[in-house]
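Single-structure report; data block below.
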Amino acid sequence: MLMPVVKYREALDSVMRRPVFGTEDLHHEKIPNSYSKKLLHMLAKSGKIRSIEKGKYTCLDDPVAVAAFITRPSYISLWMAMSIRNLTDQVPFAIEVVTSRRRFRSRIEFLGTPIIFHTVSPKLMFGYENIIWKGNIRVPVASREKIIIDAVYTGGISEEEIMPVLKVSDTSMLRKYAKLAGDKPTEDKIERMIKCLHRKR
């Protein structure tokens, strides 16, 4: 028999204000683990919360606001970050998330929007900041320079497509980021791209 939801209403309301939550979050609020699973399943079945993937839920209906909080640490990068920062006119077909945590599934869908996860070395978890998104949610998004680093490191955006971002970026900061990444092929390619840009000017 389920314990009455009202007993945990305050704790539940606190957890449900987060962009993404699961049984561990309820357990941290002193809600028994066995009851947490039943409670979240019941709320999802009633439509009060949405299931994202196994064990992860949200009250939001915005894939961007949800994507960066499914796995932590993580942040939004590549095409979606370019779109958020008005660096492209293209509408991304997916939300690409960079994380240092390995996931069982590198791609999921939420409300019909693909969310793609790129797992990188912990050394690359820098160069992003929280941006106020719709509904006053703070979403971590890569900076212009970090979008370029991620594009080169993951191969997620071609050199030709990323060059317009390079043109409006701080090349000294980009060089610093390339060195911080600790990946020689990435550093070498970034240096070559910067030199190519300077030759064209």
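The values are calculated or read from the model by the stated rules, or taken from the named source; none is laboratory data. Given the structure is predicted, the values throughout are model-derived calculations rather than measurements. Quick reminder, even Gly has a Cβ in these numbers, built from the backbone with ideal geometry, and neighbours come from all protein chains shown. With ligands, DNA and RNA removed, areas are computed over all heavy atoms of the protein, side chains included. Shrake-Rupley method; radii C 1.70, N 1.55, O 1.52, S 1.80 Å.
When the helices of the chain are scored as -39500 (n - 2.57) per DSSP H run of n ≥ 4 and the total is divided over every residue, the value at 222 nm lands at -12500 deg cm²/dmol. Here the relative contact order of the range 40-153, from alpha carbon pairs under 8 Å that lie six or more residues apart, stands at 24 percent. Residue 158 to residue 103: FRET efficiency via 1/(1 + (r/R0)^6), r the Cβ-Cβ distance, R0 22 Å, to the nearest 0.05? The computed FRET efficiency comes out at 0.30. Scan the chain and report its longest stretch carrying no chymotrypsin sites (Phe, Trp or Tyr not before Pro) that are both in a DSSP loop and have at most 14 other Cβ atoms within 10 Å. Looking at the chain, 1-92 is the longest stretch - no exposed chymotrypsin sites (Phe, Trp or Tyr not before Pro) with at most 14 other Cβ atoms within 10 Å. With all protein chains in place and a 1.4 Å probe, the accessible surface of the chain carries 50 percent carbon and sulfur. Dipole check for the chain: with +1 at the C-beta of Lys and Arg, -1 at the C-beta of Asp and Glu, and the Cα centre as origin, the magnitude is about 360 Debye. Approximating the spin labels as points 7 Å out from Cα along Cα→Cβ, the residue 111-to-residue 198 distance works out to 4.6 nm.
Shown here for the range 1-70: trypsin sites (Lys or Arg not before Pro) in loop regions (DSSP other than H, G, I, E, B) with at most 15 other Cβ atoms within 10 Å, namely 17, 30, 48, 54.
Rolling a 1.4 Å probe over the protein heavy atoms gives the range 12-148 an accessible area of 52 Å² per residue. On full extension, the segment bounded by residue 126 and residue 180 gains 18.6 nm, given 0.36 nm per residue less the C-alpha separation. Debye-formula intensities of the range 13-169, expressed as log10 I(q)/I(0) at q = 0.14 Å⁻¹, are -0.71 (one equal scatterer per alpha-carbon, no solvent).
The alpha-carbon atoms of the range 91-188 define a convex hull whose volume equals 122 cubic angstrom per residue.
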